[in-house]
Structures are given as C-alpha cells and as structure tokens.
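Novice: First, the structure itself, so that you have it in front of you.
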Amino acid sequence: MIARLTLAAVLLCAAAPPPGASSCSGCHGPAAQLPVLAGRPVADTVAAMDAFRAGTRPATVMDRIAKGFTPAETQAIAAWWAEATP
C-alpha cells in the first residue's frame, strides 16, 4: 500500500512543471510566433539555452532569461517540455 502511494506521488510530481517551465508557454505556446517547445528534443532545448546563456545565439530577451537558470534547471525544464504534447 505504501509503495503504491509513493509511486503515485512520484508520478504526480513528475507531471508538474519544474520551476520556470510554465512561464515559457506565454511566448512559446501553440499560438506564438516563436518555436513551440512541447515535444522538442531535450538536447535541442538545452543547446539553445546554453547558447543564449553564452551569448553565442542572437536574442532579444532569452539571453537574460537563460542566465537565470542553472544547467540543472535548464535540463529539468527541457525534459519536462520534451514530454509535453505539441
């Protein structure tokens, strides 16, 4: 019984967006003119965020936004979006 409850809690937590992920949909949602993040490969999103953070990818605001996330946070956000349905 406890194992089932623990598994249910883990699955519920996994479905919740990590900090920062839910704010992305305002600009990267299905009706946006920016790339949709849902279903995008983790490596692509991480690489883009790393390039924004390093200043090697042109940006208007993403360079500043990317600097606000640690590599671990970026990985968690990318993984969550990769599992989202486009």
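The values are calculated or read from the model by the stated rules, or taken from the named source; none is laboratory data. This structure is a prediction, so every number in the text was calculated from the model and none was measured. Every residue, glycine among them, receives a Cβ derived from its backbone with ideal geometry; neighbour counts consider all protein chains shown.
Novice: Does any residue of the range 65-84 turn out to be in a helix (DSSP H, G or I), in contact with a Pro (Cβ under 8 Å, 6 or more places away or on another chain) and among the β-branched types (Val, Ile, Thr)?
Specialist: yes
Novice: Name, by its number, the condition in (1) modelled with pLDDT of 85 or more; (2) over 13 Å from Thr74 (Cα atoms); (3) surrounded by 11 or more Cβ atoms within 10 Å (Cβ to Cβ) that does not hold for Ala16.
Specialist: The failed condition is (3).
Novice: Would you check which residues across the range 21-41 are under 13 Å from Trp81 (Cα atoms), modelled with pLDDT of 85 or more and in a loop (DSSP other than H, G, I, E, B) and list them?
Specialist: Hits for the range 21-41 are Ala21, Pro35, Val36, Leu37, Ala38, Gly39, Arg40, Pro41.
Novice: Can you tell me which condition Thr45 does not meet? The list is (1) touching a Leu at 6+ places or on another chain (Cβ under 8 Å); (2) of a type in the set (Ser, Thr, Tyr); (3) outside any helix (DSSP H, G or I), and all the others hold.
Specialist: Of everything listed in (1) touching a Leu at 6+ places or on another chain (Cβ under 8 Å); (2) of a type in the set (Ser, Thr, Tyr); (3) outside any helix (DSSP H, G or I), Thr45 misses just condition (3).
Novice: Can you find a residue in the range 56-73 that is over 16 Å from Pro19 (Cα atoms) and among the acidic types (Asp, Glu)?
Specialist: Initially, the range 56-73 is screened for residues over 16 Å from Pro19 (Cα atoms), giving 56-64.
Right, trim to among the acidic types (Asp, Glu) and you get 63.
For the range 56-73, residues over 16 Å from Pro19 (Cα atoms) and among the acidic types (Asp, Glu): present.
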